[in-house]
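Colleague: I have a structure I would like to understand better, so I am pasting it below and will then ask my questions one at a time.
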Amino acid sequence: MSISKHLFALGAGVALLTGATAAQAFPERPINLVVPFNAGGGTDLLLRAFAPHFAEAIGGDVFVSNTAGGAGTVAAGALAGQRADGYQLGYWSITVATIQPQVRETPYGADSWTPICSVAASPTLFFVNADSPFETIEDVVAAVEENPGQYLYGSSGPGAITHLTMVAAFSGLGVLDKVRHLPFQGSGPALQGMAAGTIQFFGDTELLMASGDFRPLVVFNDSRLENFPDVPTAAEVGIEAPLNELYLWGGLFAPAGVDAEVTARLSDACEQAVNSDGFQAFAERTNTVIDFKDSEEFDAFFRAQYEANGALIEAAGL
């Protein structure tokens with residue numbers, strides 16, 4: 001073997017050894033889990049329940065931080081530019097990861113991430129306050145047709161899944177031009193707007209709906225929910241595909257380029273955390289639908305969703 005080839009082989013071996021050693025030592029400092037919305041929303045509640053179990057599984061310290069703005073894109077844009085070392089992870093939803101980059105200018109796209117794992121996937125619901133005069137979605141349609149421009153629906157931000165849920169509902173029922181949109185910075189503030197009567201309609205997951213006193217009118221699922229057997233599906237009330245099914249899925253993403261061994265460690269820790277008794281109890285208590293996918297499965301799923309949601313964006317007129 002020539003000297004140059006020998007040195008190359010030696011260097012490659014040292015690099016592999018160094019990478020393996022680094023992965024074994026990971027984590028050497030706290031891991032930051034970024035929530036791209038304000039505290040109090042569904043993503044925040046879920047990630048704060050997940051964090052201690054993830055910390056135990058990874059064998060290190062984990063903390064949760066909130067960076068709101070731009071319907072999640074401020075946090076995602078900031079994280080996309082961070083070092084790809086596995087210490088900064090964002091919990092991105094379907095909207096942050098696959099919809100926002102296709103409806104606005106963002107400093108990230110499909111190739112900006114190392115998908116780590118998916119955690120949950122829940123259908124969204126259209127709901128009103130429990131003391132609302134609207135008992136059915138037919139009542140809502142009749143009211144907005146009779147009083148165009150009087151009623152407001154909220155969202156956690158333009159292009160967010162909450163926005164798409166409302167657009168899908170009112171567009172699918174033919175009355176989108178008769179209601180007005182009031183975006184908030186996160187679901188938490190939007191629900192405060194509901195309680196204050198600022199908005200009359202909102203759409204989010206069962207987890208969020210359970211946090212207040214609300215009445216569901218429609219579920220964007222392929223079948224009725226076990227906890228709300230009397231609530232019709234979107235298809236049952238006349239909302240046609242592709243607007244009749246909407247799911248809020250979420251998972252952990254790191255900046256693109258994380259070492260494969262570190263990615264595997266993070267993915268394994270995610271699986272252990274999701275399957276922990278504590279997180280399973282949280283999921284049961286809040287009706288969170290667990291949907292774990294490891295890093296490889298989640299990467300394929302994420303890329304397929306990115307492409308498929310382009311069709312949803314077009315159908316929703318965004």
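Colleague: Name the residues in the range 149-169 that are hydroxyl-bearing (S, T, Y), surrounded by 22 or more Cβ atoms within 10 Å (Cβ to Cβ) and either within 19 Å of the chain's Cα centre (by Cα) or not in a strand (DSSP E or B) (or both), would you?
Modeller: Answer for the range 149-169, where residues must be hydroxyl-bearing (S, T, Y), surrounded by 22 or more Cβ atoms within 10 Å (Cβ to Cβ) and either within 19 Å of the chain's Cα centre (by Cα) or not in a strand (DSSP E or B) (or both): S155, S156, T162, T165.
Colleague: Still on this model: D204: over 29 Å from G81 (Cβ atoms), under 20 Å from the mean Cα position of the chain (by Cα), of a type outside the set (S, T, Y) and not in a helix (DSSP H, G or I), yes or no?
Modeller: When the stated conditions are applied, D204 passes them.
Colleague: Restricting to the range 70-82, what's the tally of residues that are closer than 14 Å to S93 by Cα and either charged (D, E, K, R) or surrounded by fewer than 19 Cβ atoms within 10 Å (Cβ to Cβ) (or both)?
Modeller: 1
Colleague: If a residue has to be under 29 Å from E226 (Cα atoms) and modelled with pLDDT of 90 or more to count, how many in the range 292-318 make the cut?
Modeller: 6
Colleague: Check A80, A71 and return the single one that is at positive phi and touching a Ser or Thr at 6+ places or on another chain (Cβ under 8 Å).
Modeller: Answer to the selection: A71.
Colleague: Identify, from the list I116, I137, I161, the residue that is among the β-branched types (V, I, T) and over 25 Å from G251 (Cα atoms).
Modeller: Of I116, I137, I161, the one residue that is among the β-branched types (V, I, T) and over 25 Å from G251 (Cα atoms) is I137.
Colleague: State all residues of the range 238-277 that are over 16 Å from R48 (Cα atoms), touching a strand residue (DSSP E or B) at 6+ places or on another chain (Cβ under 9 Å) and either modelled with pLDDT under 95 or in the same structural domain as G159 (by TED's automatic domain parsing) (or both); if no residue qualifies, say none.
Modeller: Within the range 238-277, I239, N244, E245, L246, Y247, L248, W249 meet the criteria.
Colleague: Please enumerate the residues belonging to the range 263-318 that are among the β-branched types (V, I, T), over 22 Å from R104 (Cβ atoms) and in a helix (DSSP H, G or I).
Modeller: Listed by number, the residues that qualify are T263, V274, T286.
Colleague: Return the pair list, or none, for Cβ contacts closer than 7 Å from residues in the range 224-235 that are crowded, with 17+ Cβ neighbours inside 10 Å to residues that are part of a loop (DSSP other than H, G, I, E, B) and among the hydroxyl-bearing types (S, T, Y), at least 6 apart or on different chains.
Modeller: Pairs that qualify, where the first residue is crowded, with 17+ Cβ neighbours inside 10 Å and the partner is part of a loop (DSSP other than H, G, I, E, B) and among the hydroxyl-bearing types (S, T, Y), are T233/S223.
Colleague: Here's another thing I want to ask about it. Among the residues of the range 182-206 satisfying the criterion of being over 23 Å from A75 (Cα atoms) and in contact with a helix residue (DSSP H, G or I) (Cβ under 6 Å, 6 or more places away or on another chain), which is surrounded by the fewest Cβ atoms within 10 Å (Cβ to Cβ)?
Modeller: Selected residue: I199.
Colleague: Here is a list of conditions, (1) in a loop (DSSP other than H, G, I, E, B); (2) farther than 21 Å from L46 by Cβ, and S211 meets all of them except one; can you say which number that is?
Modeller: Going through (1) in a loop (DSSP other than H, G, I, E, B); (2) farther than 21 Å from L46 by Cβ one by one, S211 breaks only (2).
Colleague: Let me ask another. Could you look through the range 39-49, keep only residues that are in contact (Cβ under 8 Å) with a residue 24 or more places away in the chain and under 14 Å from G90 (Cα atoms), and pick out the one that is surrounded by the fewest Cβ atoms within 10 Å (Cβ to Cβ)?
Modeller: Looking at residues that are in contact (Cβ under 8 Å) with a residue 24 or more places away in the chain and under 14 Å from G90 (Cα atoms), I get D44.
The values are calculated or read from the model by the stated rules, or taken from the named source; none is laboratory data. From a predicted model like this one, the values you see are computed outputs, not experimental measurements. Cβ: placed from backbone, ideal geometry, glycine included. Neighbour counts: every protein chain shown.
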